[in-house]
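Novice: Take a look at the following structure, please.
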Amino acid sequence: LKPRHSWGGATLDRAAGPPGMVRGAHRHGRSRPWALLLPAFAGAFLALRTEWRCLHGLPSPLAGLAAVNGAVAAAGGVAEEVSSPTAHDSSDPCETVRYEMMEKAAPQINRWEKRAADGGTILGFATKATRFVNKTLETFDATAKQKAPGRDCSAERQAFQKEMEKQLHSVFLSQRSTIEQTLYQHLKADLLKQMRRKKGELGVKEKLKLLQSSMDDYDSQVKELLPAFIQDPERARAEKRLSELQWGILDTPEAKVMVQRWKMDKLRRMPQHQSKGVSISLSPGFKLMLRPNGFGNLKFYSRRQVGPPHNSQEVSLGVLNDGNVIDVYNKKPKPPLLKFQPTIGVDLSIG
């Protein structure tokens, strides 16, 4: 007979397994019989706690774990989807060739895109891009003959060429925008410089001359960047923006500051302007004298000029307490209390 022990429904067989494991199981079973009941107690406690939280409207403690597991699973799915390569029909040899050629052309196109996005221009991009497209298409034809003999891959070749030229067109547009922005800043600086030198608004001919010079620079720079498969150099768009700048240069903040400075300088020079020949300027005014009682021991006198500086008027006010003194000039025992006398000033200049 084989000795068997049973604890809470779990039966241990001393004869089963290696001797060491049998002795260990039997020893643990005899020394700590409650160890086999711990998982059951833990499960029951967790179930009661979950039921209590649900009755009181609290979220289940397992909900957070389930949400985390779901997020991890979703993230794994997204990562797997992003990291997976572009899908293509591996059963079609022409499609496989197109996929392989796109992978080979991608590094060079990405380098040009990064250079253009950083605000730089690629020297000789027109020749490089045209040669790159032609050479890549030749490699496509050779690879198609090798991996897809007897198959017509013209549709895949055309799609590959169209996709490649589309990406290179984007590179050209980025460089063209950089050139346009640079010429915009140069034209603005030239217009302000000419206005500062002339100290006034530029004429139509002067503005058109600067605009034509900027467009000539645009044509020469874009010519080196325009591949053979791109027909529109976007010249009309650049000309429209530069033309709006040269006609509206007075609306820029820099030009407004200059115009305001010219006005202030003109106002400062205006009083110093003198006309040639003989000029006469008449300046009317008046004098007012108050003569209260007294013997002439108090005297106050004030004179002030009013009106514009080039034709000012003089107003005089005076107080003299000589009311008890005989007026010798008018032959009266006392002078009048208030005396008003109009005046006129004559300014004669010969230039």
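The values are calculated or read from the model by the stated rules, or taken from the named source; none is laboratory data. Worth saying up front: this structure is predicted, and the values here are computed from it rather than measured. Ideal geometry is used to build each Cβ from the backbone, glycine not excepted, and the neighbour counts take in all protein chains shown. These area figures cover heavy atoms from the full protein model, side chains too; ligands, DNA and RNA do not enter into them. Shrake-Rupley method; radii C 1.70, N 1.55, O 1.52, S 1.80 Å.
Novice: Would you list which aspartates and glutamates come within 17 Å of Lys223, measuring only between C-alpha atoms, while excluding same-chain residues fewer than 8 positions from it?
Specialist: Qualifying aspartates and glutamates at Cα under 17 Å: Glu180, Asp232, Glu234, Glu239.
Novice: Something else about it: Go through the range 231-237 residue by residue and turn each phi into a ³J(HN,Hα) via Karplus (6.51, -1.76, 1.60, θ = phi - 60°); whole Hz please, and just put x for glycine and proline.
Specialist: So the J values, rounded to whole Hz, are 9, 9, x, 6, 6, 4, 5.
Novice: Protein chains only, probe 1.4 Å: how do Glu224, Glu165 rank by accessible area, largest first? Kindly include the intermediate steps, with their values, before the conclusion.
Specialist: Numbers: Glu224 105, Glu165 45 Å².
The ordering from most to least exposed comes out as Glu224, Glu165.
Novice: For the range 127-141, what does the Karplus curve 6.51 cos²θ - 1.76 cosθ + 1.60, with θ = phi - 60°, yield as ³J(HN,Hα) per residue in whole Hz, taken in order and with x for Gly and Pro?
Specialist: Here the 3J(HN,Hα) series is 5, 5, 5, 5, 5, 5, 5, 5, 5, 5, 5, 5, 5, 4, 5 Hz.
Novice: Near Gly124, within a Cβ-to-Cβ distance under 14 Å, what is the net charge of the other residues, with Lys and Arg +1 and Asp and Glu -1? All intermediate terms of the calculation are to be shown ahead of the outcome.
Specialist: On the way: positive: Arg115, Lys128, Arg131, Lys223; negative: Glu224.
Result for the local shell: +3.
Novice: Which lysines, if any, have their Cα less than 25 Å from the Cα of Lys205, not counting same-chain residues under 8 positions apart?
Specialist: Cross-link targets: Lys188, Lys193, Lys240, Lys256, Lys263.
Novice: On average, how much accessible surface per residue is there in the range 178-263, in Å², for a 1.4 Å probe, leaving out ligands, DNA and RNA? Walk me through the numbers on the way to the answer.
Specialist: Working: 5380 Å² over 86 residues.
It amounts to 63 Å² per residue over the range 178-263.
Novice: Enumerate the lysines that Lys104 could reach by cross-link, defined here as Cα to Cα under 19 Å, with residues fewer than 8 away along the same chain left out.
Specialist: The qualifying lysines are Lys114, Lys128, Lys135, Lys145, Lys147, Lys162, Lys166.
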